[in-house]
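Bear in mind these aren't lab numbers, they're just calculated from the coordinates by the rules spelled out. From a predicted model like this one, the values you see are computed outputs, not experimental measurements. For neighbour counting, all protein chains shown are included, and Cβ atoms are generated from backbone atoms with ideal geometry for every residue, glycine included.
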Amino acid sequence: MKNREIASMFYEMADVLEMQGVDWKPNAFRKAARSIEGLSAPIEQVYAKGGVKALMEIPGIGQALSSKIEEFLKTGKMREFDKLVKSIPAGVEEMMHVPSLGPKKVMVLYKKLRIKSLAELESAAKAGKLNKLAGFGAKSEQHILRGLGILKQGAGRSLLGVALPLAREFAERLSQVPGVKKAEPAGSLRRMNESVGDIDILVISSKPEKVMDFFTNMPEVQSVLAKGPTKSTVILKDGIQSDVRVLDEKSFGAALQYFTGSKDHNIILRQIAIKKGCKLSEYGLFKKDRYVCGRNEKEVYAKLGLPYIEPELRENQGEIEAALKHKLPKIIPYDAISGDLHMHTKWSDGLHTIEQMARAAEKMGYKYIAITDHSKSQHIAHGMEEKRLVQYLKEIDKVQDKVKIRILKGSEVEVLADGSLDYSDKILKQLDIVLAAVHSGFKAPRLQTTKRILKALSNPHVNILVHPTGRLINQRDPLDFDFDKVASFAAKQGIALEIDSYPARLDLKDALARRAVELGCKLSIDTDSHAVDHLRFMELGIAQARRGWVETKDVINAWPLAKLEKFLCR
DNA sequence: GCCGTTTTCGGCCCGACTGTTTTCAGTCG
């Protein structure tokens, strides 16, 4: 999949162009890069199917960029990229990523002081050489040193599963500050992006200064990047950036809308506003400087002629067009799940007993669960030999007698290198539910992996392909296989694909979940819990489904038990 | 470079905070 590679080339080209003082082009390159990142299909596949013409259908990609992509796909090179990147030393472009430095300042440092690497920048700042430059002072030097620190710390993006509880806690604490009426997380976190770059919190308060003081003095804060009367930015001790913004009640909806984004979604909304002779900002919708609305999001959308759009859909992936036609999907609600079909216990690598898991699930209001411990080849995870599997099935029966919810007897069965399964059909037949999982061969070539998975899905006992791509966010690339082929085959076979809700997995991811449903697949949203505490991850998986336009009818574990059982009896 | 129910040319979202400014440019989201 070349999507990421091409996107990052465009980002890099945008940086260089910006440093050269070129106007607008950088925006165009970045927009195209974002668009390519959001693509559900591999871009080489798009090109193979429809050539340059298909590339130009991608929003933000026109004549020039499509031919650059074509050149790269054909030759593995992009001359324009090489030319641009060579025009500026690699370290200079890297300096753009230091917080507090942008294209203008970087160019001044390069041109006046010949600074062309992060190391040179650090020693120059420490030696006090920068404050002699026009536009730089002692403070700028400090900010650069701090920025270098932040960069070294690797303040990358954090997993939604980590940031979300933190954000909720901050919001809760901020709402206790005197004068505060409401505090709510916004930003990509509210859109439930799989990973987030920062934590944005919006506050309504009659005493903004109290909020600013409280926020910048929280014990989690490592350093304060900015502190104004209504807006502050801090870096937390674990490297996550957090912003708080205080607004008036009559702006809250507009602000929530604005700070929830995404950027591209907002740009289109503002264009719609302009066409209606209005102006949309975080303060509200205005007509000739006269306030129209802004108290809540719904009225902002309504005045723009749109139905309310759920935050998870606001990615400029067709939701505005769908909204205009009143054809938005009825995405699955957070309370729609009836049971969790993927969890582990002490029988393999889980922390709790079958009974503990069942009782915890019962407490959550589920109607059914599946216990799905590892098969024999997963030695590290204490996968079960056939003999122990029999014991395990008996134990499930015992627990079933003690609890009210239905417990399906299952296993997460290894897909071996040749695509065969880890248990014989005779064993698989005894299970209520069979999950097929690939845990190896991540470097295998595309054709081989596609064949391997297709063979596994040919087994008549398989019900769900779990964590289908095997990716770990920011840690491990997905398996390389023909997704459309696999999903179409699964659909035909009556096999569901999983959205694994484990924070580092979220696999299928949003775009692939959407694609899977388009291809006729059913989905199963599960937690892959290894402890009672993990059952709460379900929310994250549902969020990815919502981001993927998934409706309740397409999710097998949102169905009543009888309908699910019918599906499982292939 | 992209894009078009006001445009195939001339637009391209909008505002807060900071520092070094004597009124604003740069950076950020």
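List, in the order given, every pair from A:K74/A:K263; A:K263/A:K288; A:K346/A:K398; A:K139/A:K263; A:K31/A:K53 whose Cα-Cα distance in the structure shown is over 22 Å.
A:K74/A:K263; A:K263/A:K288; A:K139/A:K263
Please report A:W549, A:W24, A:W559 as a ranked list, fewest other C-beta atoms within 10 angstrom at the top and most at the bottom.
A:W24, A:W559, A:W549
I'd like the Karplus ³J(HN,Hα) series for the range A:15-25: coefficients 6.51, -1.76, 1.60, θ = phi - 60°, whole numbers in Hz, and an x wherever there's a Gly or Pro.
4, 5, 4, 5, 5, 7, x, 6, 8, 6, 3
What is the calculated FRET efficiency for A:E5 to A:K492, with r their C-beta to C-beta distance and R₀ = 51 Å, to the nearest 0.05?
0.95
Using only Cα atoms, locate the centre of the range A:511-563 and the centre of the range A:170-235, then give the distance between them in Å, rounded to an integer.
Rounded to whole Å, the Cα centres lie 31 Å apart.
Determine, for A:S158, A:S123, A:S195, the number of other Cβ atoms within 10 Å of each Cβ, and report the residues in order from fewest to most.
Going from sparsest to densest Cβ surroundings: A:S123, A:S195, A:S158.
Take the Cβ-Cβ distance between A:A119 and A:S458 as r, set R0 to 51 Å, and report the resulting FRET efficiency rounded to the nearest 0.05.
Here the calculated transfer efficiency is 0.35.
In whole angstrom, how far apart do the alpha carbon centroids of the range A:13-72 and the range A:103-147 sit?
The range A:13-72 and the range A:103-147 have Cα centres separated by 33 Å.
Need one number: nm distance between label points at A:Y334 and A:K112, each 7 Å from Cα along Cα→Cβ, rounded to one decimal.
5.0
Extending each Cα 7 Å along its Cβ direction at A:S281 and A:A138, get the distance between those two points in nm, one decimal.
Using points 7 Å along Cα→Cβ, the separation is 3.5 nm.
Run the numbers for A:D397 and A:H382: contour at 0.36 nm per residue of separation, minus the present Cα-Cα distance, in nm.
Contour length minus Cα-Cα distance gives 3.3 nm.
Among A:H461, A:H326, which comes first, second and so on when ranked by fewest other beta-carbon atoms within 10 Å?
A:H326, A:H461
Semi-axes of the equivalent ellipsoid of chain A: what are they in whole Å, largest first, if each equals the square root of 5 times a C-alpha gyration tensor eigenvalue?
In descending order, the three semi-axes are 44, 29, 25 Å.
Report the gain in length on full extension from A:S420 to A:H326: 0.36 nm times residue separation, minus Cα-Cα distance, nm rounded to one decimal.
Full-extension gain reported as 29.2 nm.
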